[in-house]
Amino acid sequence: MFGRPQKSVSMRSSLLWSVTGAMVALALALLIAAAVDNRISIRQLSGALITQSLERAERDVRVFFEPATRTAYLLASWGQDGILTLDELTDENGQPSAQFHRWNLALSSLLESAPQVSGLAILDDRGSEYSIVANADGWLIRVVRSEDKPDPVRYYQWTSISEGPVAALDRSSQFDVHARPWFQPTIDAFHQAEENHEPMEPRWTAPYLSNTTGKAAITVSIAARGPDGLVRVVAVYTSLEQLSRFTMAHRLRTSGLVLVATEEPLGEGDDTGTRMFVVGLPAGVELEDGEHWRSLIGRPFAELGIQTLVDAVSAYDAVVARDPSIEERNRYSLKYRSQGETWWGALEDLRLDSDTRLWMLVLVPESDLLFGADEVGWGLAATLLLIFALGVRRAARLAGFISTPLEHLAHESERISRGDLEPGDVLQSPVKEIQSLAEAQDRMRDGLKSLMKLEGDLQLARQIQQRTLPQDIPEVDGFEIAGWSEPAEETAGDTWDVIERDDGHVWLILADATGHGVGPALSVVQARAMIRAISHLGTSLSEAVNQVNQQLCADLPPGRFITLWFGELDPGSRTLTSFSAGQAPLFHYRAASDEFESVEADTYPFGIDPGPIEKEPRIIQMDKGDMFIVISDGIFEAEAPDGEQMGTERVLDALRTERKHDLDGVLTALRATVESFTRGQPARDDQTIVLLRAR
């Protein structure tokens, strides 16, 4: 009390009485809570955990389907760029062409990167088709030429190792491209989107049995109009056998099950009055061979021989009978009994698009969710008494060892916060937690040293790469040149350069390696170094294209490639010779008509196919005021906070608005437009711009 001297209390006594009192209060509170709220807590916790398990399983299944959608978008973009031309795959006699082999190499590599994707098809609205599907011997390829060609349907067996098809297969030639279940709906959706001036969204089919392979699959498709005006449909097949292998390996807790179902039967005669058919099998079903799989896919739950699944369906039917409105929900959970044990189940509507949905079902025993909560409750009282006795004894010992080590740790933390990372005095404490904290502090100190070194190395790498970019752009009679590059990380997968040749011509390049970071940065620096070396040897642009591509095919690891634009400027003739390997779109601004012309890619990206590139560069006449614009996809795909992308229209509007400024001013204004659109959001990809204007 005030006015009276306070009795001093040792830290040991204070900690002992405080810990003892806290333990008594905690024990009483736990016993009361366990007695009053045990059953309510179990039910609430079980419901929350089954919902959490369902959400986790749903996320994993959506990730499973993501490669198919990504592949469809990629192929659609190739179709828009004019790369997917079906006329050049075979000659008039149906013999495979060099283009056929390049397609096989590129598309089989694409499929091998995603095991769940079993094949793909590319069709146009004239009836031509190219399809590639994985089989036991490699790849089954079908080429369908338009109906006015002789012998329109051909099959080939091909492997990635061979230089060409192993054999042309003798199969029935009766095949109607337009009869595909997804073809006409995709064409109709494309025309509707085109009419509404909207981008087309991918369309998913319901699960079905493939006529080509006889296996269960689900297809995502999208259409795109190429530069030749033809509409091409791209379809990517996802194997439901792979989906079942995925769901069978997906164990929730210890004994939980995950399965995927559809409301529509896979084939004729499969509709037995059952509301749902399994397309992603749960754990507990063994896949013996292909025939066994076919007998299980699309069958009702009861035919899988899993009792808890049958009991779950019965419990759900009983609930629906009492309240039919439950069927209108897109998520529902229930508790039921099976084989003497309490189970929890959750059912959710898994939407693939606005018209197609699957159903996700998870089943988990309550004992898995609660990890023996009932047994813990019964043993709580005895355990608390034992802990209390041991805790009092331990508290007496710990009280004498806590104060000094904690002060030491606080002192060391203060040193670290000031940037002093040199080791201090070694702390040895009999208290395990304090000793672990001291060791963690030492590891944190070492980790910070490593991070600071790594940060320094990355900064050095950034400085080195930035020095490879043009520091002083050469003056070219009659032309202005401007460029800029900004990495998304410390180092960039983009680069650009301006190279003066001995013959008075000037080479311009913009390269964009897949990804961003240290690996892609090394790739583009290597490509730039090769081009600079070649430029002083008197090599023509066509020869340089082939030499660089062949070297990158030899050097780059599988799955990596570089999109690259070459430009050769001849100031005397005021012409620009342009060649693009996968870098698109490019734009030619014609000052006389105040219009932009889109220039598409001339061939695939470098590093995919080492074969000779026969396409000749295009020659562009640069009149006064004309601009040629080369921009990496990091600009077009820059996102606003709401996820909307910058797109080409905003870029072209900015260029048109600022065209009367000098070229450095145009570049600065374009960068400001991108910054304003993204509202300061960090870039997800490297951004590079190269501008050329005739004066």
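Observations
- Identity of the residue in the range 225-245, among the hydrophobic types (A, V, I, L, M, F, W, C) and surrounded by fewer than 22 Cβ atoms within 10 Å (Cβ to Cβ), that ends up farthest from the chain's Cα centre (by Cα): LEU230
- Boolean, ARG671 is free of Cβ contacts under 8 Å to residues at least 40 places away in the same chain, over 29 Å from ASN104 (Cβ atoms) and not aliphatic (A, V, I, L, M): no
- Total residues in the range 91-114 satisfying the condition of being among the charged types (D, E, K, R), out of contact with any Asp or Glu (no Cβ under 8 Å at 6 or more places or on another chain) and outside any loop (DSSP other than H, G, I, E, B): the figure is 1.
For every residue, the table says whether it meets (1) in contact (Cβ under 8 Å) with a residue 12 or more places away in the chain; (2) assigned to a loop (DSSP other than H, G, I, E, B); (3) over 24 Å from ARG560 (Cβ atoms); (4) not assigned by TED's automatic domain parsing to the domain that holds THR577.
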| residue | (1), (2), (3), (4) |
| --- | --- |
| SER593 | no, yes, yes, no |
| GLY611 | yes, yes, no, no |
| LYS615 | yes, yes, no, no |
| ASP623 | yes, yes, yes, no |
| ILE635 | yes, no, no, no |
| GLY643 | no, yes, yes, no |
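- Taking the range 523-549 as the range and being buried (at least 16 other Cβ atoms within 10 Å of the Cβ) and not in a helix (DSSP H, G or I) as the test, only THR539 passes.
- For the range 645-694, the set of residues classified as surrounded by fewer than 14 Cβ atoms within 10 Å (Cβ to Cβ), in a loop (DSSP other than H, G, I, E, B) and more than 28 Å from the chain's Cα centre (by Cα) consists of LYS660, HIS661, ASP662, listed by residue number.
- Residue that is surrounded by the fewest Cβ atoms within 10 Å (Cβ to Cβ) [pool: residues in the range 499-522 that are part of a helix (DSSP H, G or I) and not hydrophobic (A, V, I, L, M, F, W, C)]: GLY519
- Flag for VAL426 being touching a Leu at 6+ places or on another chain (Cβ under 7 Å), of a type in the set (Val, Ile, Thr) and at pLDDT 65 or above: no
- Which listed residue, of GLU268, GLU201, GLU263, GLU286, is surrounded by fewer than 16 Cβ atoms within 10 Å (Cβ to Cβ) and modelled with pLDDT of 85 or more: GLU201
- Any hit, the range 631-649, residues being touching a Pro at 6+ places or on another chain (Cβ under 8 Å) and modelled with pLDDT of 90 or more: yes
- Residue match in the range 605-621 (condition: over 24 Å from GLU88 (Cα atoms), small (Gly, Ala, Ser) and either out of contact with any Gly (no Cβ under 9 Å at 6 or more places or on another chain) or surrounded by 14 or more Cβ atoms within 10 Å (Cβ to Cβ) (or both)): no
- Selection count, the range 466-507, where residues are more than 38 Å from the chain's Cα centre (by Cα), of a type in the set (Gly, Ala, Ser) and within 20 Å of VAL666 (Cβ to Cβ): 1
- Pairs with Cβ under 9 Å, 6+ apart, first in the range 421-435 and assigned to a helix (DSSP H, G or I), second among the charged types (D, E, K, R): none
The values are calculated or read from the model by the stated rules, or taken from the named source; none is laboratory data. Here the structure is a predicted model, which is why all the values come from computation and not from measurement. Cβ coordinates were reconstructed from backbone atoms using ideal geometry, including for glycine residues, and neighbour counts include every protein chain displayed.
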